[in-house]
Amino acid sequence: MCTRYLAPDAAAIERYWQVVARHPRWCAEVFPRAQGVFIRPARDLTEARREQVVGQWGLVPGFAKTPKLSYSTYNARFEELAQKASYKDSWAKGRRCIIPALSFDEPNWESGRNVWWRFRRADGGLWGLAGLWNTWVDRTTGEVVESYTMLTLNADACPLMSRMHKPDPQLPPDRQDKRSVVPIELEDVDQWLFGTARDAAALVRLAPDDRFDARPASSGG
């Protein structure tokens, strides 16, 4: 699970993804339930265009009675999207998004204590992380809340990502269900945003280890 990441500024997002910021202010260091930026298909146009949206990191499903949920929805297991009540409507209706990130952090427990590692791209680019979004509307007040969740994928077989997170001593090493975020490469963004569910699912895979510049966050990485 990813619980914090660094978001680029508006200018960097516009250059990298060719999308103009409508709301140029958001949290630079993003934690669950904070305001972050995501990229989705523009809803007010008939052609396939992208738009930036600022919303809560933690998806608020349509059936929620309040946007303040008692459970976490900032990470969503890809393998369970079609079954999980909080996410299945967004997945079925193609509400997919890109979450821009300079880096993301994961905990490493190999020393017996939590050491945060920071993951940047080895090529110096930005991460475009796979997500889902939803627009929640209060039926009484009309309040509109934009929100999103970050997808994760099983990473037990990944040499790098399987080293992250605290191991469960009750489970075998190859059945820990270690998780990884899902990067969407720049050339695949339109397929993720505008393609069919099958098109999008074909992009859900682990990034190769050489894609990462990963090191303990305290080392200055």
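The values are calculated or read from the model by the stated rules, or taken from the named source; none is laboratory data. Since we're looking at a predicted model, the values are computed, not measured. Cβ: placed from backbone, ideal geometry, glycine included. Neighbour counts: every protein chain shown. Note: areas computed on protein heavy atoms with side chains; ligands, DNA, RNA excluded. Shrake-Rupley method; radii C 1.70, N 1.55, O 1.52, S 1.80 Å.
Table for the structure above
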read-out	value
Surface per residue (accessible, 1.4 Å probe) for segment 110-221, Å²	51
Segment 66-146: chymotrypsin sites (Phe, Trp or Tyr not before Pro) in DSSP loop, at most 10 other beta carbons within 10 Å	Y71
Solvent-accessible area per residue, Å², over segment 46-87 with all protein chains present [probe radius 1.4 Å]	54
Protein accessible area in the chain, 1.4 Å probe - carbon and sulfur %	50
Cα-Cα pairs of segment 78-136 separated by more than 12 Å (percent)	74
Listed residue (A202, L186, P172) projecting farthest to the positive dipole end of segment 144-221, Cβ model	P172
The chain: calculated mean residue ellipticity at 222 nm from DSSP helix runs of at least 4, using -39500 (n - 2.57)	-2500 deg cm²/dmol
Segment 1-144, Rg to Rh (Cα coordinates; Rh as Kirkwood inverse mean 1/r)	0.98
Contact order normalised by residue count of the chain, Cα under 8 Å, 6+ apart, percent	21
Amide hydrogen neighbours beyond the local backbone of W117, cut-off 5 Å, H modeled	E106, N108, A217
Over segment 97-172, volume per residue of the alpha carbon convex hull, in Å³	162
Inter-label distance for E29 and R121, nm, one decimal - labels placed 7 Å from Cα along Cα-to-Cβ	2.4
